[in-house]
Amino acid sequence: MSIQTKFHGELDIEALKQWTFPNGLPGLEDEKQFVLLPIDGNDSIQVMQSVNNSTIALIVSNPYTILSDYSFEIDEPTLNLLKIKSQEELMVLAVMTLKQPIKSSTMNLQAPLIFNIVNQTAKQMIINDSQYSLRHPIGQPVEKGAH
């Protein structure tokens, strides 16, 4: 199956894992199928491309590469929706906003993307009452308790 992508042109996604977001993404509830695509020359950043809409592509990265002590509780509805039984089944990514220079880019630590790597399901989970920001600068550490 070939799809048109925002950054990679036309791409055959047959060999790629497709991730299903049963509820879509906040604000994009109809977008339920995504693939993760590499960015040439950068192993830590990926593109999360919609399978059905070439214009919807989010830049994502592992938040633990920016903030090693990033920590939050996965709520019960998310655990149930994704059928997560153990931490080994988890992958966490965060949506980024890329800017120039790159160190002024930001990462959304308040709405992580939770993936079950066993059944290829995922959800963007909103963390309420968090010390984490929607636009955490990737060039600076989070101060606990700061907004």
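Coordinate-derived values only; no laboratory data. Here the structure is a predicted model, which is why all the values come from computation and not from measurement. When we count neighbours, we look across all protein chains shown, and the Cβ atoms used for this are built from the backbone with ideal geometry, even at glycine.
With coordinates expressed along the principal axes, the C-alpha atoms belonging to the chain extend over 46, 40, 27 Å, beginning with the largest. Pairs of Lys residues in the chain that lie 8 or more places apart, or on two chains, and have C-alpha atoms under 26 angstrom apart add up to 18.
Of the trypsin sites (Lys or Arg not before Pro) in the range 52-139, the ones in a loop by DSSP (not H, G, I, E or B) with at most 14 other beta carbons within 10 Å are LYS83, LYS85, LYS99, ARG135. Within the chain, DSSP assigns beta bridges of which about 95% are antiparallel (rounded to the nearest 5). Counting other Cβ atoms within 10 Å as a rough exposure proxy, the listed residues LEU25, LEU90 run LEU90, LEU25 from fewest neighbours to most.
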